[in-house]
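Notes for the one structure printed next.
What follows draws every value from the coordinates through simple rules; no lab data is involved. This structure is a prediction, so every number in the text was calculated from the model and none was measured. Note that each Cβ is placed from the backbone with ideal geometry, even for glycine, and that neighbours are counted across all protein chains shown.
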Amino acid sequence: MSDHLHVAFLLFPNVTQLDLTGPAQVLSRLGNARVDLVWKTLEPVPTDAGFSIVPTATFADVPAADILCVPGGIGVTTVIKDDEAIAWVQRVGASARWVTSVCTGSLILGGAGLLNGYKAATHWGWFEALRLFGAEPVAARTVFDRNRVTGGGVTAGIDFALALMAETRGEAHARAVQLSLEYDPQPPFDAGSPEKAGDELVDVYRRRMDQIAPDRMEELREAARLRGFS
């Protein structure tokens, strides 16, 4: 097996747990690797799914990593405004071999100044928010731009992790891991993108988000201004 890899995931309150647990399950099979879930303390962190995840390390424990991965979720804006959290992302991202995200985690990378001038993916509903942080949004499951690797919305985290694994351990290793996880998607409905779902379902999604986080876009604009983006 090739060199040891340290993978650090940012874990934060109101994270979308599948943004984190999907790629974490894949990357845990890199071989000769350690995966840490990192937050300020080791207390359980609530997710958007109604259950908590226990961190394995604190910011102080992980000053650097080979792979930094930032998931998304409703708590993203709070993280962007959090000096301690952003400082950790900046510190680890400055030296990481791969700087990565899933879903709206790319907005946190953007808030940390790590996507300025880069192409990046995010959840389809938040493409324009990426522009607030100097990134160029791309509609794709996985986007590579130099050492930045970003995944699209939620389930794209599995695709993203397999693509990153292929780059770090080779395609044969990634294929074997895909088989071991029986990752052979055959969704019961063809409604996994705005183009396939149609305008009516897109409107349903947007109305639901307006109820859950009615001021989210303005809060993201405020967060961008706080981080020095005009």
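A few points about this structure:
- Remark: the range 218-230, residue by residue, has Karplus-estimated 3J(HN,Hα) of 5, 5, 5, 5, 5, 5, 5, 5, 4, 8, x, 9, 7 Hz, where x stands for each Gly or Pro and the curve is 6.51 cos²θ - 1.76 cosθ + 1.60 at θ = phi - 60°.
- Taking amide H atoms as placed 1.01 Å from N in the peptide plane, the amide H of THR142 lies under 5 Å from those of GLY152, each 5 or more residues away in sequence or on another chain.
- The structure-derived value of Cα extents along the principal axes in Å appears in the list [x] 72, 37, 36; [y] 48, 42, 36; [z] 43, 38, 37 under the label [y].
- Net length gained if the chain between GLU200 and ALA213 were fully extended (0.36 nm per residue, minus Cα distance): 2.7 nm
- Within the range 6-163, antiparallel bridges make up roughly 20 percent of the DSSP beta bridges whose residues both belong there.
- Partner lysines whose Cα lies under 20 Å from the Cα of LYS40, excluding those fewer than 8 positions away in the same chain, are identified as LYS81.
- Each of the peptides 120-130, 69-79, 105-115 was scored by the mean count of other Cβ atoms within 10 Å over its residues; in descending order, highest first, they stand as 105-115, 69-79, 120-130.
- The chain - charge dipole about Cα centre, Lys and Arg +1 at Cβ, Asp and Glu -1, debye rounded to 20: 460
- Maximal additional length on extending the ASN116-SER180 stretch stands at 19.4 nm, based on 0.36 nm per residue less the C-alpha distance.
- Relative contact order (%) - the range 5-226, alpha-carbon pairs under 8 angstrom, separation at least six: 17
- Ordering of 165-175, 199-209 by burial proxy (mean other Cβ atoms within 10 Å per residue, highest first): 165-175, 199-209
- Packing-based order for 34-44, 93-103, using average beta carbon neighbours within 10 Å, highest first: 93-103, 34-44
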